[in-house]
Every structure is written in structure tokens, then in C-alpha cells.
Amino acid sequence: MEMTTTHYVFHYKENSLAEKEIDQIADKQEGCYTFISSCLHADAKGKIHYHLFDTPQEVGKQYAIIHDEDDDEPCNGFALPEIMSKDGMNHVFAVYSETVKCVGFHEDAHIISYSICRPDSRFISEGLAMFFDRYWWGIDNYSWTRWYIEQGKNPSVADLIENSHFRAYDCTLTYPLAGAFTGYLIERFGTEKYVEFYKRCADDSAQAFAQTFGISAALLERDFLVYMKMFDLREDIRALLIKDSGA
């Protein structure tokens, strides 16, 4: 089954939860699209085809098929922008169930921002998506980052720009940290300057910092850490993070 709106074509199974709540899903995504587009002054090239599934196993299978991989590891959602898809259209594959509702800003931010450029660094691309998302597992990016700083577990931002380093760490660390750092850049320099920086990340993200902001990634990271230490971590959130980490 499918439903078409201004910026989307939603694909879903008959009698699924997605079918039952498709109007709410459509309203939510159109709202996300409008906000992302207005911030970045960009639009997706064509409609976004949203494929909604019941389980992570189904989404993982789609990922394996599309990327010609044998390992169909369960996955909650992923984006396939038109520049990467065989049919030249934008796609998002996502779980929508009672326990996992993988809709909102994240994958749409990838699709829309890739119309500007596709960064060579996952830290940069995931950072922008996480900036719009704001939360990871119900806890905001800044709280995650503040927690990791307290624990002495935060890796170097300058290192994470390299994809090999980014992949070496768990996503519960890299994604919120990338989102917090992106938020810091946008708050400090403004959206227009950040978009200028993002465009330069197509070829060499490490050099784009100095080229755009006149400051190296290492020095920006130093200032970012000083900024982060100005905030206290709420005790209720600290308790959740301790529980999740088993500390």
C-alpha cells in the first residue's frame, strides 16, 4: 500500500501499525522536512520514498540486498539518497512498530543534506543528522557527551573525522558526540557558515574546518570540551546512563 504527500511517498503493509497511523507519520515527516529544508536552505531532489517495515530483520534484509552483502544484520533504519540508488530516487527504509518507531528527523536529514553534498566523513554526515534528531535512546546529545567526558571515554573529535576511527567505537558514543559537536558549531558560527563548511566536506573534511572557520579541528575540539564542561549533568539522566552502561 502507499500514500503520497507533498514531499513523500509512503510504502507500508496492509493491516500494519504503519497503515493504522499513516496520517500521523505523514504529518510528522512533512514537519521534519519543512524544518530541515528551512535550516539548510535545501530540498531533496524529488520525493522521498519511505518504506515502513514491522521488524529490524526486514530492514536489515533490505540493506543487505541493496548493498549486495551476505550479512543481513537487523537494522532500525537507513537512508538511500538518489545519488546512491539504482533508480535515481530517494529512499528511507525504517521500522515502525509498537516498540520501535524509526521516523523523524534523522534519515530525512541525510537525504536533504546530501542534495548539498555527500561528506567524506561519517562523523560529519551523522553529526548533522543527530543535530536535528537531538536525542539518542531518549537522552539528549549533550548529556551523552557530558557523561563520556566525565568518564574519560570521549575519543578525539579530530580522530573521529577519519572513518576508520569512527567505525572503531560504539554508535552510542559516536553518534551523540557527533550531534553535540555539530550543535556547538552551528550555535557558535551560525547555520549559513555551517552549510558553507558542510559543502567543503565533500573532499576533505579535516581541512574544511580551517578553510571555513579559520580554526583547526583540534582547536575547535578544545573549545568544545571547555564549553561542554560548563554544564552539569542532571541527576535523573546520570542515573539512566549509569543503568544503561552498567557502571
Got the relative contact order for region 122-245 handy, in percent, Cα pairs under 8 Å and 6 or more residues apart?
34 percent
When only C-alpha pairs under 8 Å and at least 6 residues apart count, what is the relative contact order of the chain, in percent?
16 percent
Which entries in the list K20/K45; K28/K193; K45/K193; K153/K243 go over 25 Å, if you measure between the two C-alpha atoms of each?
K20/K45; K28/K193
Mind checking which helices in the chain clear 24 Å along their axis (Cα) and have mean Kyte-Doolittle hydropathy of -1.0 or more, DSSP H runs only?
22-40, 171-189
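No value in this document is a laboratory result; all are computed from the given coordinates. All figures in this text were calculated on a predicted structure; none of them were measured in a lab.
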